[in-house]
Structure formats: structure tokens, C-alpha cells
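The structure appears right after this line, and notes come after that.
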Amino acid sequence: MTNNLLKGVNLYLVGMMGAGKSTVGQVLAQHLGYGFVDTDTVIEKAAGGRTITQLFQDEGEVGFRQLESQILEQVCAFTKLVIATGGGIVLRQENWSYLHHGLIVWLDVPVEILYARLVEDTTRPLLQDSDPKGKLRSLLEQRQHLYSQADLRITVSEGETPEQIATRVLDEIPSVLKPAKV
């Protein structure tokens, strides 16, 4: 049982849309005996049931990012959570102060895999573009230096299951934890 591995500290999953943060996060939460929170789901509830796409249309990306920061601030007040964040959460400096309350794991997925996962998904406002694969590549290039500030980077390969990815995360966590003082 790995439920004392993080001693109650939250685990934040960052990475591009389609990286599997929500799916892998649920598996990690089960293994850790933690709760699971998807910030996008909380944002939609806080916005009275409006979807992320509607929020982008109504508030613009700036308004959406503000709401996202407010939700992250509230969520980080709790402990024993695995938190799947939105792909752009790393863009605002203030969010890093919240993320650093826990252990940050970057699910690093190549653009080709992301595109294959998202090609049929019409709910991603930033992908409503004439060249969605190019848009993904551009977003990843803009955000890569931010994602790389995570405590742990897990590079995902084609065909890896959420269970396998979660196991890799759990296996790697001890390498980034500070040893307990005796």
C-alpha cells in the first residue's frame, strides 16, 4: 500500500490537453488512498454548469485563466488529493505558488500521441484551429519550459496504459522526495 508515500501532500498533474492527467490521476488516487479532483470539472461546476468551451467564449482565455487560478487556490487548501490540472495552468506565475504546495508531476506526451487522442474531440477551445496538430505543437513549444519546472517528468510512450503510467509515477516519487529527518 502506498497511501503514506506522500504523507498527505497533494500530487498535481500538469501537461498538455490529452496527456491523460484525469485518467492517470484517478488511478493514482486509488493507489495512494487519496481523493481525486479535476480542476476543469470544478471550474465548470463553479461557473454554473457552463463548459470550458462556453467559458472561453463568454469570458475569453484571460477570464477563464483567472477562474482557473481561483479554483486552484481553493483546491490547494486541502490535503490527500491527486489533482489533474488544465493544460494551461502553468502559464500564470501565481499558479506555481499553489502548485508548489504539493508534488508536481509532468505527463510529457509527444504531439503525435496527443493529436491521435484529441483529433475527434470538439470540446477543446484552443484546438478549434485550421491546423490542430500545428496548434498542439505550438502550445507545447510555448509551455515546455514551464512544464519542465515540475518535480517529476514522466515521458509517456505510445500504447502505455494509464495503470502503467501511474505505476511509473509511483515508482519515481521516492527519487524526488526529501528524506525524512531522523
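Show the residue pairs meeting these rules: Cβ distance below 6 Å; 6+ apart or different chains; first residue within segment 120-149 and open to solvent by 30 Å² or more (accessible area, probe 1.4 Å); second residue assigned to a loop (DSSP other than H, G, I, E, B) and acidic (Asp, Glu).
Close Cβ pairs (under 6 Å, with a partner that is assigned to a loop (DSSP other than H, G, I, E, B) and acidic (Asp, Glu)) amount to Lys135/Asp129.
As an exercise: evaluate Met17 against (1) part of a loop (DSSP other than H, G, I, E, B); (2) farther than 23 Å from Leu140 by Cβ and give the number of the one condition it does not meet.
Exception for Met17: condition (2).
Which residue is most open to solvent (accessible area, probe 1.4 Å), if the candidates are limited to segment 1-41 and must be in contact with a strand residue (DSSP E or B) (Cβ under 7 Å, 6 or more places away or on another chain) and farther than 28 Å from Val111 by Cα? Talk me through it step by step, then tell me what you get.
Here is the first cut: in segment 1-41, the ones in contact with a strand residue (DSSP E or B) (Cβ under 7 Å, 6 or more places away or on another chain) are 6, 9-15, 19-22, 24-26, 28-29, 32, 34-39.
If we keep only those that are farther than 28 Å from Val111 by Cα as well, we get 6, 9, 32, 34-35.
Working: Leu6: 9, Val9: 59, Leu32: 1, Tyr34: 23, Gly35: 29 Å².
Result: Val9.
Go through (1) open to solvent by 40 Å² or more (accessible area, probe 1.4 Å); (2) part of a loop (DSSP other than H, G, I, E, B) for Glu44 and report which single condition fails.
Among (1) open to solvent by 40 Å² or more (accessible area, probe 1.4 Å); (2) part of a loop (DSSP other than H, G, I, E, B), the lone unmet condition for Glu44 is (2).
Determine which member of the set Glu59, Glu68 is open to solvent by less than 30 Å² (accessible area, probe 1.4 Å), without any contact (Cβ under 8 Å) to a residue 40 or more places away in the chain and farther than 21 Å from Arg168 by Cβ. First the steps, then the outcome.
On the way: Glu59 fails: open to solvent by less than 30 Å² (accessible area, probe 1.4 Å).
From the options Glu59, Glu68, the qualifying one is Glu68.
I'd like to check something: does segment 20-29 contain any residue that is of a type outside the set (A, V, I, L, M) and free of Cβ contacts under 8 Å to residues at least 40 places away in the same chain?
Step one: filter segment 20-29 for residues of a type outside the set (A, V, I, L, M), giving 20-23, 25-26.
If we keep only those that are free of Cβ contacts under 8 Å to residues at least 40 places away in the same chain as well, we get none.
No, there is no match, as no residue in segment 20-29 is of a type outside the set (A, V, I, L, M) and free of Cβ contacts under 8 Å to residues at least 40 places away in the same chain.
Surrounded by 17 or more Cβ atoms within 10 Å (Cβ to Cβ), within 29 Å of Val9 (Cβ to Cβ) and out of contact with any Leu (no Cβ under 6 Å at 6 or more places or on another chain): does that describe Leu103?
So Leu103 does not fit the description; no.
Any idea how many residues of segment 47-56 are assigned to a helix (DSSP H, G or I) and surrounded by fewer than 17 Cβ atoms within 10 Å (Cβ to Cβ)?
To start, the set of residues in segment 47-56 that are assigned to a helix (DSSP H, G or I) comprises 52-56.
Filter once more, keeping what is surrounded by fewer than 17 Cβ atoms within 10 Å (Cβ to Cβ): 53-54.
Result for segment 47-56: 2.
Among the residues of segment 34-56, how many are without any contact (Cβ under 8 Å) to a residue 12 or more places away in the chain and acidic (Asp, Glu)?
Number of matching residues: 1.
The values are calculated or read from the model by the stated rules, or taken from the named source; none is laboratory data. Note that the coordinates shown come from a computational prediction; the quantities given were computed from them, not determined experimentally. Every residue, glycine among them, receives a Cβ derived from its backbone with ideal geometry; neighbour counts consider all protein chains shown. With ligands, DNA and RNA removed, areas are computed over all heavy atoms of the protein, side chains included. Shrake-Rupley method; radii C 1.70, N 1.55, O 1.52, S 1.80 Å.
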